[in-house]
Structure formats: structure tokens, C-alpha cells
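Below: the structure, in C-alpha cells.
The values are calculated or read from the model by the stated rules, or taken from the named source; none is laboratory data. Computed from a prediction, not measured in an experiment: that's the story for all the values here. Glycine also receives a Cβ, built like all others from the backbone with ideal geometry; neighbour counts cover every protein chain displayed.
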Number of protein chains: 2
Amino acid sequence: MTADPHPTAGSASHHGHDHAHCIADALMRADALCAERGARLTALRRQVLELVWNSHKPRGAYAILEDLSQREGKATAPLTVYRALEFLVEHGLVHRIESLNAYIGCAAPGAVHSGQFLVCETCGNAVEIDDPRIRAAIGTIAAEHGFQVSRPTVEVRGTCTDCQEKTP
Amino acid sequence: MTADPHPTAGSASHHGHDHAHCIADALMRADALCAERGARLTALRRQVLELVWNSHKPRGAYAILEDLSQREGKATAPLTVYRALEFLVEHGLVHRIESLNAYIGCAAPGAVHSGQFLVCETCGNAVEIDDPRIRAAIGTIAAEHGFQVSRPTVEVRGTCTDCQEKTP
DNA sequence: TCCGGCGATGTAATAAGATAACGCCATGAC
DNA sequence: GTCATGGCGTTATCTTATTACATCGCCGGA
Ligand SMILES: [Zn+2]
Ligand SMILES: [Zn+2]
Ligand SMILES: [Zn+2]
Ligand SMILES: [Zn+2]
């Protein structure tokens with residue numbers, strides 16, 4: 001299961017896909033998931049999730065904060081956003097990209113996966129993948145070291161197809 | 001080549017290995033490497049490298065800064081440390097652990113490798129590995145996506161052998 | 001030798017990211 | 001109604017990282 005919902009690998013909004021659909025879909029899945037788990041996807045958290053999904057690029061907490069403040073028409077405190085993000089990450093609706101200090105919507109919430117990303121250094125898009133080979137390799141080597149894995153992080157920086165074509 | 005120089009996997013200073021040797025060795029290799037490349041391993045940079053190697057735990061830039069200030073007997077600016085770290089990272093003498101905002105000495109400088117780590121959430125030790133299967137898996141999936149890799153990041157959080165034994 | 005260039009370092013200020021401490025209020029169980 | 005819980009607001013503070021500008025020292029060319 002490669003979790004990329006976009007047929008054109010590495011693509012994003014500039015490819016003119018129906019991103020409104022991406023957002024609506026993400027929100028719907030979140031509603032369903034939280035209902036199923038008895039988790040409270042409050043208005044605020046839902047709002048933050050929607051803002052995270054504003055693009056397929058990882059977004060910083062303070063960028064989200066700005067959006068939120070603007071949308072609410074009043075200044076919001078950083079903590080508000082961080083708390084919402086914490087909830088969303090805990091429930092697997094959002095991933096944190098460690099190497100960017102940024103957050104991105106999960107492409108396959110609910111499914112068991114470990115969060116692996118191809119992050120383009122040029123356009124900023126990040127594609128979530130979930131390659132069983134990588135997972136397996138990490139599991140194997142961890143076992144060899146007697147290491148008990150709790151959270152694997154794979155973030156591959158580089159250049160996506162589109163950006164390679166633009167700068168050959 | 002699993003780059004762990006310590007026979008007891010995941011070990012560190014508390015195992016009583018000769019850490020002075022680790023440091024001396026790291027500095028020697030750094031000298032050699034920089035000489036070979038015509039890079040200037042200045043006194044300051046060498047000092048910072050030594051401080052990074054103070055343990056096998058990743059260390060924050062400001063922790064290193066404190067050590068440096070103390071050793072120099074005068075306050076040092078953050079930028080001083082960040083510049084030195086930038087140099088060391090560029091030359092592969094030090095790795096940055098993204099998920100910790102911290103820095104750790106490279107176990108195999110000079111050799112081509114991608115920096116993969118097993119990071120214990122309990123004791124803070126980080127063991128550098130360089131598993132060809134992980135590298136290969138990342139290479140394969142990147143190719144499948146037409147993605148050109150520049151810097152793969154693999155940071156596996158979890159619990160090391162020692163810490164598992166202590167808390168069964 | 002003197003000069004100009006360049007890379008390394010010093011200094012100060014500030015940006016960006018994240019958390020701590022405290023309290024109020026809505027919800028729901030009893 | 002009462003109480004406990006969890007979510008949210010407010011304020012202050014902390015950690016991490018960078019920007020802007022000045023200075024120093026080394027080295028090659030005039
Ligand atoms: Zn989309
Ligand atoms: Zn995901
Ligand atoms: Zn290394
Ligand atoms: Zn440990």
C-alpha cells in the first residue's frame with residue numbers, strides 16, 4: 001500500500017488536482033475515525049486539521065497559527081495550535097516532519113503505518129509513502145541490535161520529478 | 001559495515017569503555033580527513049568536535065555552547081558553535097539528529113554512508129548504523145517515484161537493550 | 001613589502017519553534 | 001445540583017537558530 005493518493009507521483013496543488021476534495025476527504029475520514037474511537041474532534045481541532053491540509057506541503061506551527069488567527073479574526077496563542085496538533089498527531093491524522101519542524105496531513109489515517117516521506121527541497125512538497133521493504137529493513141536491523149522500536153522516522157530529502165524537469 | 005565501534009551494541013560511557021580513546025580517535029581521523037581535503041580544522045572547530053564527542057549521546061548546540069564557554073573561560077555566542085557545527089556536518093564529521101535538534105559525532109567519517117540512527121528514548125544514547133538494506137530500500141522506492149535523493153534521514157526511536165533489561 | 005581578497009571569528013539583535021503555569025468554562029456522570 | 005474531567009484561554013518563558021554587520025589573519029599578486 002503506497003499511500004500516495006495522487007496518481008502523478010510527487011504531485012501537488014500546482015498540478016491542478018481537486019484539492020478541495022483532498023481536504024473534504026481528510027476531514028471526513030477524521031470525523032469517522034474519531035467517532036469510532038470516541039475521540040473528540042472539536043471545532044478547533046477540526047479547523048487546525050483543515051489548515052494543515054491547506055496544501056501538500058508541510059506547514060510550520062506558526063504558519064498554521066497565523067491562518068487560524070486570520071480566520072478567527074482574533075489573535076490566537078501558539079499553545080492553542082500546539083495542543084490541537086498534539087491531538088492530531090496522537091491520533092495519526094497528522095504527521096510531524098522532524099527535519100522541517102513542520103506538520104502535514106496523513107495520507108492514510110487509521111491504517112497502520114510508520115510515516116515515511118519524500119520531501120522535495122525545491123518545491124517543498126512532501127509525499128507520504130509506506131514501503132514495506134523499508135519497514136522490514138528497519139525491523140530487522142533493530143532486532144539485530146536488540147533494539148525495541150517505538151517510532152521510526154524516515155525523511156528522504158531530495159528533488160521530486162517535477163522539479164528535476166524544471167532544472168535539468 | 002555496521003559502524004558501531006563498540007562490541008556491546010548500544011553501549012556507551014556507562015559501560016566503562018575507554019571513551020578517551022573514542023575522542024582521541026575521532027580527532028585523529030578528523031585531522032587526517034581535513035588535511036586530505038584541504039579543509040581547515042581550526043582550533044575552534046576541533047574544540048567543538050571534541051565537545052560533541054564528550055559522550056555517545058546527541059548533544060544540543062546550546063549544551064555544547066555552555067561547555068565551550070566554560071572551557072574558554074568566557075561567554076561564547078551561539079553563532080560560534082553553529083558555524084563550527086555547520087562545518088563539521090558538511091564534512092561528515094558530525095551528524096545532526098533531526099528529531100532531537102541535536103548533534104552527534106560520526107562513527108565512520110570519510111566512508112560513504114547516509115546516517116541512520118537507533119535513538120534510545122530512555123538513556124538518550126544514539127547508535128549510528130549504516131544498513132545497506134535500508135539504503136537500498138530507500139533508493140528503490142525513490143527511483144520508483146522518480147525522486148532524486150540528496151539526503152536520507154533515518155532515525156529510529158525506541159529502547160535499547162540495556163534499558164529494556166532495566167525495565168522489563 | 002604592501003595591498004587586496006577571502007575565509008574565519010566576534011558581537012549584537014532577533015526570529016522561529018515550543019512549553020510551563022495558572023485558571024475558567026462546558027460537558028457529562030452521579 | 002454537584003463534582004470531576006477535559007478542552008481552551010492567557011501570559012510568560014524557554015530553547016533553538018539565524019540575520020546583519022564589524023574585525024581579524026592568512027595568503028597570493030602587484
Ligand atoms: Zn491535494
Ligand atoms: Zn500517515
Ligand atoms: Zn556517520
Ligand atoms: Zn537506553
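For residues in region B:110-135 being out of contact with any helix residue (DSSP H, G or I) (no Cβ under 7 Å at 6 or more places or on another chain) and at the interface with chain A (Cβ under 8 Å from one of its Cβ atoms), which is farthest from residue A:121 (Cα to Cα)?
Out of the qualifying residues, it is B:121.
Would you be able to tell me the number of residues in region A:101-118 that are within 16 Å of ligand 1 (Cβ to nearest atom) and modelled with pLDDT of 95 or more?
Filtering region A:101-118 down to residues within 16 Å of ligand 1 (Cβ to nearest atom) leaves A:103-109, A:117-118.
Still in the list and also modelled with pLDDT of 95 or more: A:103-106, A:117-118.
Number of matching residues: 6.
Scan region A:61-100 residue by residue and report those that are within 14 Å of another protein chain (Cβ to nearest Cβ) and away from ligand 1 (no atom under 16 Å from the Cβ).
As a first pass, look at region A:61-100 and keep what is within 14 Å of another protein chain (Cβ to nearest Cβ): A:89, A:95-100.
Those that are within 14 Å of another protein chain (Cβ to nearest Cβ) and away from ligand 1 (no atom under 16 Å from the Cβ): A:89, A:96, A:97, A:98, A:99, A:100.
Could you tell me whether residue B:40 is within 11 Å of DNA strand D (Cβ to nearest atom) and in a loop (DSSP other than H, G, I, E, B)? Full working, then the answer.
On the way: within 11 Å of DNA strand D (Cβ to nearest atom): yes; in a loop (DSSP other than H, G, I, E, B): yes.
Considered against the rule, which asks whether it is within 11 Å of DNA strand D (Cβ to nearest atom) and in a loop (DSSP other than H, G, I, E, B), residue B:40 comes out as yes.
Please state which one of B:111, B:107 is in a loop (DSSP other than H, G, I, E, B) and within 12 Å of the chain's Cα centre (by Cα). Full working, then the answer.
Numbers: B:111 fails: within 12 Å of the chain's Cα centre (by Cα).
That would be B:107, the only listed residue that is in a loop (DSSP other than H, G, I, E, B) and within 12 Å of the chain's Cα centre (by Cα).
Could you go through region A:95-102 and let me know if any residue there is within 16 Å of DNA strand D (Cβ to nearest atom), under 16 Å from the mean Cα position of the chain (by Cα), assigned to a strand (DSSP E or B) and not small (Gly, Ala, Ser). Don't jump to the end; show me each part of the working.
First, the residues of region A:95-102 that are within 16 Å of DNA strand D (Cβ to nearest atom): A:96-102.
Now restrict to residues that are under 16 Å from the mean Cα position of the chain (by Cα): A:96-102.
Imposing the further condition that a residue be assigned to a strand (DSSP E or B) reduces the set to A:96-97, A:102.
Going one step further and asking which of them are not small (Gly, Ala, Ser), we end up with A:96-97.
Yes; the residues of region A:95-102 include at least one that is within 16 Å of DNA strand D (Cβ to nearest atom), under 16 Å from the mean Cα position of the chain (by Cα), assigned to a strand (DSSP E or B) and not small (Gly, Ala, Ser).
Within the bounds of region B:129-143, is there any residue that is of a type in the set (Lys, Arg) and farther than 25 Å from residue B:63 by Cβ? Step through it out loud before you land on a result.
Kept after step one, since they are of a type in the set (Lys, Arg), are these residues of region B:129-143: B:133, B:135.
When the remaining residues are screened for being farther than 25 Å from residue B:63 by Cβ, the result is B:133, B:135.
Scanning region B:129-143 turns up at least one residue that is of a type in the set (Lys, Arg) and farther than 25 Å from residue B:63 by Cβ.
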